[in-house]
Amino acid sequence: MSHDHDDRPQLTAAQAAAVLNPPAGRNGGDLVVETLQGLGATTVFGLPGQHALGMFDALRRSSLRYVGLRVENNAGFAADAYGRITGEVAPLLLSTGPGALTSLAALQEAAAASAPVLAISSQIPSAGLGGGRHGYLHELRDQQASVRDIVKSVHTVRTASQIPSAIAAAWESALTAPHGPVWVEIPQDVLLAETTLPVVSAMDATPRELYPRPELTIAAAHLLSNAERPVIIAGGGVVRSDASGKLRALAEKIDAPVVTTFGGKGAFPWEHPLSLRSWLEDRHTTDFLEDADVLLVVGSGLGELSSNYHTFRPRGRVIQIEADAGKLESNHPALGIHSDAREALADLLEAVERREDPGAAERVRTVLEKVRVRIEAQELTLEQQVLAAVREALPDAAPSFWDMTILAYWAWSAFDARRPNTMHSAQGAGGLGYGFPAAIGAAAADPTKPVLAVSGDGGAMYSIAELATARQYDLPLTWLIVDDGGYGILREYMTGAFGETTGTELARPDFVALAESFGVPAVRTGPESLAADLGKALAAPGPSVVVLPALLRMFEPTHL
């Protein structure tokens, strides 16, 4: 393919001089940060290490804002939340070996939740690569092998001129539906070597759009238009693709009840007459979904939590819209539509015929009443009181981040997220320690809103070091720690399965005194004063901690 001379970039004399005479003192690390700036990044997360110092030194010469956490896994959780909140790529700068490996649990959560995280790791010097045992500090036989099972794509750099293209390719991969974490690795000597390459300017890494095939849209629209009892399950893909408005319009056009998965919280208005809310771990909801003659599943693989622990057995036709091709029909036979949720819903909305069902809202009310009666019979007043207090204190637009703790398990089913993309948890991969560092990432993304983190005392101990981070950057976030003296949900699981527990009871610090030692104001509260104390903390500038000593119980499962 030939190019006309007129197609070439037309540079001014000053621009040409800048290209031909780049500033002295730049290295491979500068190419990294210049590429990130050219792609539109404004904030990076991470933790420095010996092999990565070329990147970190280059940050000084850039306009990028650096948010440094105290543990690589926590930095990964912060980047994950930044990606979820903004929909933009969150760069995560890591060192070699232990630093890289410590981030893997966070990257697994980013993969499960489709959060666009760009991990850029250093490597041992180029001379040591190839699997020999040279004895370099942090050396792994094959660092990429440790991450390949977790991330969407791996991009290798071996020379300075490869840096911009590798980062741009990774950026595009991270933002192509389904979003997800990607990995770039660059040897120490390449990052440190002086470069005479021109300064990286405009970069293009436009993600590929994932559209539904038209014949599948027509088939799905026909099924939905002619259904007697259509129902919609809305998953995290609706939130990630910013398709909540399209989902609502489609549900209203065909009078279809909607239940959201735990990852899809906020995708459909909680108080809407067609809203089944999020009671997926409930047999009444499961029965209702099984009774649908056409079930539209959008942006969910119907995994363990979304299928009432695989007890869900649909009897009608299933239509599944999913950007991750590997999830299509992975659990149930369906009309599988490989597409971004937003694009597929937009096409469906045009193709379906209006369908009126005056009885749909009444059927929804009946199911919700059955759920309410079931929960009420278990006398779990304290748990509902605590969750209601959190909802009362939290402004509608304020994001919340929930660790793996009993109150979060309640929130998955019973918490009204009120706005799309405001409630997030670690339910994708299910690792401990997510809540507080994720809240740091969200507060860095938008410091104009207060952010709430919710942890148990066990999960909180994973993240205590990040109190220093919250204080250092003066971030507007409040950390609610529910202290029950152990791993509460595991205590329940073990008691139920074996009649006694092992390893669940924990010694823990005085969280109020500990927070104050970091210069973070803290208060101990009770169920009656929780709403007021939490509201006051959220309204105050900077970080704060609220400790609630309480032994919460889970509602009875229905899948056993």
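The values are calculated or read from the model by the stated rules, or taken from the named source; none is laboratory data. These figures come from a predicted structure and were not determined experimentally. Here Cβ is always computed from backbone atoms with ideal geometry, including for glycine, and neighbour counts include all displayed protein chains. SASA here: full protein model, heavy atoms, side chains in, ligands and nucleic acids out. Shrake-Rupley method; radii C 1.70, N 1.55, O 1.52, S 1.80 Å.
The share of accessible area on the stretch 457-540 that comes from carbon and sulfur is 57 percent, using a 1.4 angstrom probe. Counting only Cβ charges, +1 for Lys and Arg and -1 for Asp and Glu, the dipole size of the stretch 77-224 around its Cα centre is about 220 debye. So how tilted is helix 341-351 from the main axis of the chain? Cα-based, degrees 0 to 90, rounded to 10. So the inclination is approximately 60 degrees.
For the stretch 528-543, backbone phi angles converted through the Karplus equation (6.51, -1.76, 1.60; θ = phi - 60°) give residue-by-residue couplings of 6, 9, 4, 4, 5, 5, 5, x, 5, 5, 5, 7, 7, x, x, x Hz, Gly and Pro being listed as x.
The charge dipole of the chain, taken about its Cα centre with unit charges on the Cβ of Lys, Arg, Asp and Glu (plus for the first two, minus for the last two), comes to roughly 360 debye.
What whole-number value in Å² describes the accessible area per residue of the chain for a 1.4 Å probe?
The answer is 40 Å² per residue.
Summarising the amide proton neighbourhood of Ile337: residues at separation of 5 or more, or on other chains, whose placed amide H is nearer than 5 Å comprise Gln320, Ile321, Glu322.
Does anyone have the angle between helix 28-39 and the longest principal axis of the chain? Alpha-carbon axes, 0 to 90°, nearest 10? Tilt relative to the chain: about 50 degrees. When Rg and the Kirkwood radius Rh are both evaluated on Cα atoms of the stretch 66-125, their ratio Rg/Rh stands at 0.96. Projecting the Cα atoms of Asn421, Gln144, Val199 onto the charge dipole of the chain, computed from C-beta unit charges around the Cα centre, puts Val199 farthest toward the positive end.
Computed 3J(HN,Hα) for the stretch 122-128, one whole-Hz value per residue from the Karplus formula 6.51 cos²θ - 1.76 cosθ + 1.60 where θ = phi - 60°, is 7, 9, 4, x, 3, 4, x, glycine and proline marked x.
Which entries in Lys246/Lys370; Lys265/Lys370; Lys152/Lys449; Lys253/Lys327 show an alpha-carbon gap greater than 25 Å? Table pairs above 25 Å Cα-Cα are Lys246/Lys370; Lys152/Lys449; Lys253/Lys327.
Relative intensity of the stretch 217-282 on a log10 scale, I(q)/I(0) at q = 0.26, 0.29 Å⁻¹, equals -1.17, -1.30, per a Debye sum over C-alpha point scatterers of equal strength in the absence of solvent. Compared with the dominant Cα axis of the chain, that is its longest principal axis, helix 488-498 is turned about 60°. Among the protein heavy atoms, those of Glu322 account for about 10 Å² of accessible surface (1.4 Å probe, every chain in place).
Residue ranges 346-359, 132-145 sort as 346-359, 132-145 when ordered by packing (mean number of other C-beta atoms within 10 Å per residue, highest first).
Phi-derived couplings, Karplus 6.51 cos²θ - 1.76 cosθ + 1.60 at θ = phi - 60°, listed residue by residue for the stretch 392-403: 5, 7, 8, x, 4, 8, 7, x, 10, 10, 10, 6 Hz, with x used for Gly and Pro.
Cα gyration tensor of the stretch 413-549, axes a ≥ b ≥ c as square roots of the eigenvalues: rounded (a/c below 1.5), prolate (a/b > b/c) or oblate? It comes out prolate by the Cα gyration axes. Once every Cα of the stretch 129-258 carries one equal point scatterer and solvent is ignored, give the base-10 log of I(q)/I(0) from the Debye formula at q = 0.14, 0.18, 0.22 Å⁻¹, two decimals. Those come out to -0.82, -1.08, -1.34, one per q. Calculated mean residue ellipticity at 222 nm for the chain: -11000 deg cm²/dmol, from DSSP H runs with n ≥ 4 weighted as -39500 (n - 2.57), summed, divided by the residue count and rounded to 500.
The H on the amide N of Asp483, modeled in the peptide plane, is under 5 Å from the matching H of Leu548, Ala550, each at least 5 residues off or on a different chain.
Remark: the stretch 90-163 carries a charge dipole of roughly 160 debye about the Cα centre, counting +1 on each Lys and Arg Cβ and -1 on each Asp and Glu Cβ. Three semi-axes describe the equivalent ellipsoid of the chain; taken as square roots of 5 times the Cα gyration tensor eigenvalues and ordered largest first, they are 41, 32, 21 Å. Once Rg and the Kirkwood radius are both taken over the C-alpha atoms of the stretch 377-432, their ratio Rg/Rh works out to 0.97. The distance linking the stretch 269-334 with the stretch 359-408 is 20 Å (Cα centroid to Cα centroid, whole angstrom).
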